[in-house]
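Peer 1: Take this structure first; my questions come after.
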Amino acid sequence: MTFRPGLRESATFDRNVVHEIQRAADTGIYDIRGWGAKRKVPHFDDLLFLGSSMSRYPLEGYREKCETDVVLGDRHAKYPLHLDIPVTIAGMSFGALSGGAKDALGRGASEVGTSTTTGDGGMTPEERGQSKYLVYQYLPSRYGMNPDDLRKADAIEIVLGQGAKPGGGGMLLGQKITERVAGMRTLPVGIDQRSACRHPDWTGPDDLAIKIIELREITGWEKPIYVKVGATRTYYDVKLAVKAGADVIVVDGMQGGTAATQDVFIEHVGIPTLAAIPQAVQALQEMGMHRTSGGVQLIVSGGIRSGADVAKAMALGADAVAIGTAALIALGDNDPKYEAEYAKLGSAAGFYDDFQDGKDPAGITTQDPELQRNFDPIEGGRRLANYLRVLTMEAQTIARACGKSHLRNLEPQDLVALTIESAAMARVPLAGTEWIPGRAF
Ligand SMILES: Cc1cc2nc3c(=O)[nH]c(=O)nc-3n(C[C@H](O)[C@H](O)[C@H](O)COP(=O)(O)O)c2cc1C
C-alpha cells in the first residue's frame, strides 16, 4: 500500500486489521503462525539501569571480574546443573525444528557451558550427543516420552504451559510430520497433530506432587525437576509448584515464542514477562525459597533479545533466563540471504513466522530434506555460541556499571521505569521519582 497525503489510517482498523478481516473472510480459517506476540506490551525496553555515580561505585571492566555462573536445582537433586552462564536454550520440539537445528542448539549451548532443552516430540540422538547439559521436557502430549530418555537427561522439565498459549496445546501440522517425526511421536505420517492442553495424569497440584516424586524415583533422585508455566496467575502458580516439590520454576511470559498456534491466542492470552517476574519472586520470597541455597531457582523467558534484557530479568529476581526465538535467529532464521525465497512465500526476512508450514528456506523450522541442506549445524552452533557470548558480555558490562561482581547481585534497586505501566508491573520507581505505582510508602 502506498501512502498518499489525505489518506488516514484508522488506529482501530489499521491495515493489518483490514487485511486479517479480508483473509478470514476469504478462507474461513483462523490464522496460525509461529513466533511470539507482535504487538507492543510493557517490556524490558521500558526499564533503565541507574548505573553508578557518587552513591554507588562501579567495577572496572578490564580488571575486576563479574561472575556469571549459576546453579540450578540444588533443592532436592543429587546432581544440580552448574552452568557457566545464566542464559539457557528453551524447549523447542524436534518436529517444529529440524534435526540439524536441534544439533546446532546443542553445539552452541555446550560451547559456552549452558543447557539446551528438548520439546514436544522427544529427544533426538543428535541433540543428546551435542548437548553437555540437556533438559528433557515432560509434556501434556507425552509425544516422544520415553523413560530411557528421562534417564539420559540432565534435568527434567514438566511443562504445564507456555507463555504464547497458556491453557492451549501445541500444534504440528501434517506437512511437518515425516516418518521420523511420526515414529518418535507414535502418530500417523502427514496428519495434523494437536497436542493435549493438560496432562492426562493429573488434575491439580496434589497430583503434580505425586508425579514429581514418580519422576524422581525413576531417575534415582539425581536430576533437578523444573516446572514450566505460561505467565497468567503467576503468584499462585509458583506457590503451588514449589509446594508440589519443584526444584526450578520456569515462567514464560506472553511474548514467548511458539512453533505454531492461533494468532489470537498468541496476542491475547497471558501476561507480559515483565509483569510475571515480580509475582514469581514475591511467591518465592514469601516461601523463603528465593536466591537461597537449597531454594528454588527462577528461570524467565519470553522476549529476551539482548544482554540488557538478561540483566533486567536478573535484576528483577530471575536466576537465569531462557531464549527461543532469538536462538533461532542466531542460528540463521530470517537471514536476509534468503530474501528471494521468503518473498516467494509471501513474507520477508525479519518477518517470516510461518513455522507451521515447514517451508523455511533457512532449513531450521522444516522437515524437508532439500531445505534442511541449506542449514549447516556446525556453522549454526558457532553463530549461537557467539550470540550467547555477546549476551553474557553485555549483561556483565551493565552489572559492572552497577557495581556488581556477579550477575546475580543485580537487584530491583538498580532499575527505574520509563512508564507508569511498567513501573507498576515491574514494581520499580518511575524514572526521576521514588514512586512505585500501587505501592504504599
Ligand atoms: C520453534 C519453537 C518451538 C517451541 N517448542 C516448544 C516445546 O516443544 N515445548 C515448550 O515448552 N515450549 C516450546 N516453545 C516455547 C519456548 O520453550 C519458550 O518458552 C519461548 O520460545 C521463549 O520465548 P522467546 O521465543 O521470546 O525467547 C517453542 C518455541 C519456538 C520458537
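The values are calculated or read from the model by the stated rules, or taken from the named source; none is laboratory data. Since the model is a prediction, treat every value here as computed from it, not as a measurement. Because the Cβ atoms are built from the backbone with ideal geometry, glycine has one as well, and the counts that use them run over all protein chains shown. Quick note on the areas: whole protein, heavy atoms, side chains included, nothing else; ligands and nucleic acids left out. Shrake-Rupley method; radii C 1.70, N 1.55, O 1.52, S 1.80 Å.
Peer 1: Within 10 Å, count the other beta carbons around each residue, average over each peptide in 33-39, 20-26, and list them highest first. Don't skip to the answer; put the middle values down first.
Peer 2: Numbers: 33-39: 19.7, 20-26: 10.7.
Packing order, densest peptide first, comes out as 33-39, 20-26.
Peer 1: Tally Lys/Arg at +1 and Asp/Glu at -1 over every other residue whose Cβ is under 11 Å from the Cβ of Ser141; what's the total?
Peer 2: Numbers: positive: Arg142, Arg185, Arg194, Arg198; negative: Asp120.
Summing Lys and Arg as +1 and Asp and Glu as -1 gives +3.
Peer 1: I would also like to ask the following. Semi-axes, largest first, in whole Å: what does sqrt of 5 times each Cα gyration tensor eigenvalue give for region 293-441?
Peer 2: 37, 18, 13
Peer 1: Where the accessible area of the chain is counted over protein heavy atoms with a 1.4 Å probe, how much of it, in %, is carbon and sulfur? Spell out each step's value before the answer.
Peer 2: Numbers: 10540 of 19520 Å².
The C+S portion of the solvent-accessible surface of the chain is 54 percent.
Peer 1: So how strong a dipole does the chain carry about its Cα centre when Lys and Arg Cβ are +1 and Asp and Glu Cβ are -1, to the nearest 20 debye?
Peer 2: On the way: 48 positive and 55 negative charges, 101 e Å.
Dipole of the chain, to the nearest 20 debye: 480 debye.
Peer 1: On average over all directions, what projected area in square nanometres does the chain have, based on the convex hull of its Cα atoms? Display every interim value, and only then the final one.
Peer 2: Values: hull surface 93.0 nm².
Here the figure is 23.3 nm², rounded to one decimal.
Peer 1: Dipole magnitude of region 397-441 about its Cα centre, charges +1 at Lys/Arg Cβ and -1 at Asp/Glu Cβ only, in debye to the nearest 20? Can you show the working numbers first?
Peer 2: Details: 5 positive and 4 negative charges, 38 e Å.
Approximately 180 debye in magnitude.
Peer 1: Over region 27-166, how many percent of alpha carbon pairs lie in each 10 Å bin up to the one with the longest distance?
Peer 2: Reading the bins upward from 0: 10, 30, 30, 19, 9, 2, 0.
Peer 1: From the helices alone, meaning DSSP H stretches of at least four residues, give me the mean residue ellipticity at 222 nm for the chain, per-run term -39500 (n - 2.57), in deg cm²/dmol to the nearest 500. Walk me through the numbers on the way to the answer.
Peer 2: Details: 15 runs with 148 residues, N = 441.
The helix-only estimate for the chain comes to -10000 deg cm²/dmol at 222 nm.
Peer 1: Give me the net charge of Lys152's neighbourhood, meaning all other residues with Cβ under 11 Å from the Cβ of Lys152; Lys, Arg count +1, Asp, Glu -1. Walk me through the numbers before you get to the answer.
Peer 2: Values: positive: Arg128, Arg151, Lys223; negative: Glu127, Asp148, Asp149, Asp154.
Local charge sum for Lys152: -1.
Peer 1: Return the whole-Å distance between the Cα centroid of region 319-371 and the Cα centroid of region 112-141.
Peer 2: 20
Peer 1: For the modelled label position 7 Å from the Cα of Glu67 along Cα-to-Cβ, which residues of region 395-432 have backbone nitrogen atoms closer than 11 Å?
Peer 2: So the set is 405-409.
Peer 1: With springs only between Cα atoms under 10 Å, which of Ile29, Ile218, Ile210 fluctuates most in a Gaussian network model of the chain?
Peer 2: It is Ile29.
Peer 1: Which is farthest toward the positive dipole end of region 334-400 among Tyr342, Gln367, Leu388, measuring Cα position about the Cα centre, with Cβ charges +1 (Lys, Arg) and -1 (Asp, Glu)?
Peer 2: Working it through, the farthest residue towards the positive pole turns out to be Leu388.
Peer 1: In percent, how large is the relative contact order of the chain, given Cα pairs closer than 8 Å and 6 or more residues apart? Please report the intermediate quantities before stating the final value.
Peer 2: Working: 1015 pairs, mean separation 101.5, N = 441.
In percent, rounded to a whole number, it is 23.
Peer 1: Still on this model: Rounded to the nearest 20 debye, what is the charge dipole size of region 226-379 about its Cα centre when +1 sits on each Lys and Arg Cβ and -1 on each Asp and Glu Cβ? Before the final figure, lay out each step's value.
Peer 2: Numbers: 11 positive and 20 negative charges, 161 e Å.
Here the size comes out at about 780 debye.
Peer 1: For the pair Ala348 and Asn409, how long in nm is the line joining their label points, each one 7 Å along Cα→Cβ?
Peer 2: 4.6
Peer 1: Another question about this same structure. If a/c stays under 1.5 just call it rounded; otherwise compare a/b with b/c (prolate if a/b is bigger, oblate if not). Do that for region 40-79, with a ≥ b ≥ c from the square roots of the Cα gyration tensor eigenvalues. Walk me through the numbers on the way to the answer.
Peer 2: Working: a/c = 3.02, a/b = 1.29, b/c = 2.35.
Verdict is oblate for region 40-79.
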